[in-house]
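Below you'll find the structure, written out as structure tokens, and then a few comments.
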Amino acid sequence: MGMSSKRGYIQGKVIANCVGKRVFLNGGVARRPYSSVAEEYFPDEPSKPVVTSSQIPGPSSIKLTKELGRSFDSNASYFISDYFNSKGNYISDADGNKLLDVYAQIASIPLGYNNPALIETARSDVMVNALVNRPALACFPSIDYGKILSEGILAAAPKGMGHVWTALSGSCANETAFKAAFIYQNAKRRGSLDVSAEELASCMDNKPPGSSDMVILSFDKGFHGRLFGSLSATRSKPIHKLDMPAFPWPRAPFPQLKYPLKDHVKENHEEEERCLAELENIITKKVAPNKIAAIIVEPVQSEGGDNHASSFFFQSLRDITLKHEILLIVDEVQTGVGASGKFWAHEHWNLSTPPDMVTFSKKFQAAGFYFSDPKLQPKEPYRQFNTWCGDPSKALLARSIYQEITKNDLVTKTAEVGSYIYENLEAMFSKYEGHVQNLRGKNYGTFIAWDHSSPAERDQFISLCRSKGLNIGGCGSAAVRLRPCLVFGKKHADIMLSIIEDVLKTLRG
Amino acid sequence: MSSGNYFTNEPKEPVVKSETVPGPQSSAGIKALGQVTDSRPVYFIADYEKSVGNYIADVDGNVYLDVYAQIASNPLGYNNPALIETAKSDKMIRAIVDRPALGNFPGADTAEIIQGLLDMAPKGQDKVWSGLSGADANELAFKAAFMWYQGKKRGFTKGFNEEELKSVMSNSAPGSPELAILSFERAFHGRLFASGSATRSKPIHKLDLPAFKWPKAEFPSYKYPLDKYEAENKKEDERCLAIVDDILKSWSIPVAGVLIEPIQSEGGDNHASKEFFQGLRDLTLKHGTLMIVDEVQTGVGATGKMWCHEHFDLSPAPDIVTFSKKFQSAGYFFHDPEIMPAQAYRQFNTWCGDPARMILAGAIGKEIAKNNLVQRTKEVGQYMYSKLEALSSKYPKYIKNLRGKDRGTFIAWSLESGEARDKFLKDLKTKGVNMGGCAESSVRLRPTLVFEEKHVDILIQKIDQLLASY
Ligand SMILES: Cc1ncc(COP(=O)(O)O)c(C=O)c1O
Ligand SMILES: Cc1ncc(COP(=O)(O)O)c(C=O)c1O
């Protein structure tokens, strides 16, 4: 991948060669041009968005969504995609539109649409074998499963985490991690005692002591999934939770930082101290002693609005969990696999001790959790168990994804492109005060977000972007988040920036 | 259609090369895998490249006749050529490489892929929601039931009030209401937190996990043989239905759904009569609660009907039917439009299923229909049942309570104790048969849908040889 970009900084200015021939002024320093992995993967990637329908969703999308809706819930459908004609960073739809995609299937496409390396994997004999002979993995693993894990999912493991348990989605990755936490903590509580007859009998009636009264603590605005355990930990929005029975689990405040960070150093530190103190207070006073099995936290609260906290906050959180013998689960379902400019976002924190468990899904295509302490594997077999226990076909994909990321240095590249985007947005947003604010995600790869002045304006922004050929997602109440794939290069960034500025101009009127 | 048409090179009989099972190579593999993940439940390390049809090969060169079939989840035999073709299709490649967030960005081919599932839907069902595993399918169904139950009270298209919006964020009522799913003693519905709350099979499946305070009713325990104890068993049905009626009337938490397996599988292959299921259907209607049938293990042909509950002539059809395993894709079928939430993002998650697996399900459905495999399974099951009946009079100690008559190949029996059962299954492996157990002292047959008379003959011969040596 030795290609260099044909465009780049010219004496501190960024020339965006795209739809609207727009020039961004940039005060940043000149840097070396990026080589474009996208060009090498996708020689025929569109050079810019194509919008042919007068609105998006266009007539074909609307018609197909309606038809689909008769038998399948399509209430949340944006438009009907044409994956056969999607390429790299561009998603095609049923009306022939081609949109630059910085939402990427809710942050789950790793290497662009129709990535040739993944197509090769999908065509391989091992993949065909994994698809047609899906094993009950825990009982009948295949010869190569150990190798597939060690060359892929495990090769990518966060530092200090040599074990993995695989699952099928972000929600079930978190729930299996919760199970590991409950089983571990109850075993610890029991010590050398055997499981009592009372425990065995009461659990069959869903009652303590056999059914645990322990809890998982999560943070305000956290999102951890939508099954019943994960949903009890989710605190993002009512619509995610309404009408569902939930466990009476505690939640702690998550810092609400003020931006720009450099202007609010003291206040933000105090805010983090406040949250940490309240957390200690909850642990020691509001919840009965030794009841919290684990604390789950996202490195950046994504669905909840892209809320960040500092390394100081996370290190202190780690210290608190160690002090109270609570397990720390870091939910990297959305932040993991490179987008933050590190392979795992929590690596930004340089924790003195690794987390106890790290969960993953989305961009890795395979889901599950890593752990370091072998005791997090239950002493008795068949306790962490189900029919499939993961999916070898997804483990194969994860291996290829990891290998491509490493080979092409995509984490570093994402960090660089992210800085480029951030700097340009910072410069741009200074012109649209009152419309956009709280730009965040500096030095956090492409994991960037900002707020609009109101939820309505945010929604309008997203819809205008789409009509100009940019597929972009929201989060929280009034935020917009960038979640491009890992082959989003500078040329894509320029097109995106240009569309964003166009739309902001329209909003400003 | 015979399995010979699919598998020209299927082995004629099992081959056992290693002295023990697992053999030395498997044991080494199990140890290595154990360094990074839990490998203690591993039976042996399989060689899927060499597995064909009803035979699974392992790394020690053993080839077993497989009547466990990946815990009842392999539909059409190992390396089925029709599924290989599907796996190599452009559609499949696309589905694997560009996995969509199906709720937000369905593809132009999504409707067609879904139609593949709907073509095999149980009678009376014309809608589907997709998930990823049996536990996931059931929990998604619970979510649908809870939204429906509250929607019925609130008005399906009405918004939420302030108190609901506020309380839900602290996991309290009324936003997070206390609502229950009623399940049955010895039932198995999965191992996540809500499915785990409905599961009542064994303590090891439930111990140390928080659970919802949901009720359980009793599942009929019949006396066998059924034709001898008709009156007693009818009374048992009535007794169990009365318990359900009572719980639905008086449980402290409103019951939004009644969840039941057509045959309790992990719990020991416990059967109940058509009349029991019809009575249960009536009770759900009477009390305004949904009937959710868990066909994760019984579904997709093995019982001699595509869906086992079709044996029961339920009217109206159940409200929700969940599936996974042999369909390779998971989810639930339903028909009432009100079971689909009126607001977006309520039944939602990142992937909302997996088109790659749904395409496979469609192909499985097509093969089943084309080759009449449900009918074939019914015939093979009858043949196998009569052979086993004969064996059971020869070895009454080892084949007790034979069950699954007229339920295709979905057959089970009990031994005298857990130890006797475990020994039987272990010894049978050394004869080249891979069979699974269930509950405390039972064994269950869960072959693929291309299991035929010739495979039955081998199975019977191996069992006979083994039991003769006891
Ligand atoms: C941080 C985080 N955890 C968990 C999940 C749940 O993942 P899934 O939708 O695959 O269940 C998400 C999904 O958005 C997420 O962002
Ligand atoms: C009837 C039934 N329901 C649900 C499940 C759970 O399925 P899974 O293991 O895929 O979560 C099973 C698994 O054995 C089952 O037999």
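Every number in this text was worked out from the coordinates using simple rules, so none of it is lab data. Values in this document were obtained by computation on a predicted structure and should not be read as measured data. We place every Cβ from the backbone using ideal geometry, glycine too, and count neighbours over all the protein chains shown.
Observations, loosely collected:
- With a cut-off of 14 Å between beta carbons, the residues surrounding B:Phe44 carry a summed charge of +1, where Lys and Arg count +1 and Asp and Glu -1.
- Normalising the average separation of contacting C-alpha pairs (under 8 angstrom, six or more residues apart) by the number of residues puts the relative contact order of chain A at 21 percent.
- Reducing the range B:288-335 and the range A:300-336 to their Cα centroids gives an inter-centroid distance of 41 Å.
- Within chain A, the longest run free of GluC sites (Glu not before Pro) that sit in a DSSP loop with at most 13 other Cβ atoms within 10 Å is A:1-324.
- 32 Å Cα-Cα threshold exceeded, pairs from A:Lys159/A:Lys468; A:Lys179/B:Lys426; A:Lys342/B:Lys166: A:Lys159/A:Lys468; A:Lys342/B:Lys166
- By the count of other C-beta atoms within 10 Å, a proxy for reagent exposure, A:Leu111, A:Leu200 are ordered fewest to most as A:Leu200, A:Leu111.
- With contacts taken as Cα pairs under 8 Å at a separation of at least 6 residues, the range B:358-432 carries a relative contact order of 23 percent.
- Amide H partners (placed H, <5 Å) of B:Val255, local residues excluded: B:Ala180
- Kirkwood Rh and Cα Rg combined as Rg over Rh, evaluated for the range A:315-418: 1.01
- What the phi angles of the range B:87-103 give under the Karplus curve with 6.51, -1.76 and 1.60, with θ = phi - 60°, is a coupling list of 5, 8, 6, 4, 4, 5, 4, 4, 5, 6, 6, 10, 5, x, 7, 4, x Hz, glycine and proline written as x.
- All aspartates and glutamates inside 14 Å of A:Lys407 as judged from Cα atoms, apart from same-chain residues fewer than 8 positions distant: A:Glu40, A:Glu151
- Among the listed pairs B:Lys202/B:Lys305; B:Lys50/B:Lys429; A:Lys237/A:Lys323; B:Lys235/B:Lys423; B:Lys216/B:Lys405, those beyond 25 Å (Cα-Cα): B:Lys202/B:Lys305; A:Lys237/A:Lys323; B:Lys235/B:Lys423; B:Lys216/B:Lys405
- The range B:5-88: GluC sites (Glu not before Pro) in DSSP loop, at most 15 other beta carbons within 10 Å: B:Glu19
- Shielding by partners for peptide B:337-346, expressed as the average number of C-beta atoms from other protein chains within 10 Å of each residue's C-beta, is 4.
- Table column - 3J(HN,Hα) (Hz), the range B:416-433, Karplus curve with 6.51, -1.76, 1.60, x for Gly and Pro: 7, 7, x, 5, 4, 5, 4, 5, 4, 5, 5, 5, 5, 4, 5, 8, x, 10
- Whether the range A:174-225 is rounded, prolate or oblate, judged on the alpha carbon gyration tensor where a/c under 1.5 counts as rounded: prolate
- The range A:405-481-the range B:90-159 distance, computed between alpha-carbon centres (Å): 31 Å
- Here the mean projected area of the convex hull built on the C-alpha positions of the range B:375-470 is 5.3 nm².
- Value of D in µm² per second that Stokes-Einstein yields for the range A:31-174, Kirkwood Rh from Cα pairs, at 4 °C (1.567 mPa s): 70 µm²/s
- Cα gyration tensor shape of the range B:100-353, rounded if a/c is under 1.5, else prolate or oblate by comparing a/b with b/c: oblate
- Residues B:Thr289, A:Thr353, sorted so that the one with the fewest Cβ neighbours within 10 Å comes first: A:Thr353, B:Thr289
- Vicinal HN-Hα couplings computed from phi for the range B:264-277 (Karplus, 6.51 cos²θ - 1.76 cosθ + 1.60; Hz; Gly/Pro x): 5, 8, 4, x, x, 6, 9, 9, 9, 7, 3, 5, 4, 5
- Taking all Cα-Cα distances within chain A, those exceeding 39 Å account for 26%.
- Per-residue ellipticity at 222 nm from helix content only, as computed over the protein assembly as shown with -39500 (n - 2.57) for each DSSP H run of at least four residues, stands at -11500 deg cm²/dmol.
- A Förster distance of 41 Å, applied to the separation of the beta-carbon atoms of A:Glu67 and A:Ser196, puts the FRET efficiency at 0.10.
- Across the alpha-carbon atoms of the protein assembly as shown, the computed radius of gyration and Dmax are 28.1, 95 angstrom.
- Measuring against 29 Å, Cα to Cα, the residue pairs A:Lys490/B:Lys88; B:Lys91/B:Lys454; A:Lys66/B:Lys143; B:Lys153/B:Lys326; A:Lys63/B:Lys127 contain A:Lys490/B:Lys88; B:Lys91/B:Lys454; B:Lys153/B:Lys326 as the ones spanning a longer distance.
- Amide hydrogen neighbours beyond the local backbone of B:Leu209, cut-off 5 Å, H modeled: A:Ser212
- Taking B:Thr199, B:Thr86, A:Thr406 and counting other C-beta atoms within 10 Å, the order from fewest to most: A:Thr406, B:Thr86, B:Thr199
- Relative contact order, percent, chain B [alpha-carbon distance under 8 Å, six or more residues apart]: 21 percent
- Distant-in-sequence amide H partners of B:Asp47 (H built 1.01 Å from N, under 5 Å): B:Ala57, B:Asp58, B:Val59
- Normalised per residue, the volume of the convex hull around the Cα set of the range B:288-328 (Å³): 58 Å³
- Column: log10 I(q)/I(0), Debye, Cα scatterers of chain B, q = 0.09 Å⁻¹: -0.63
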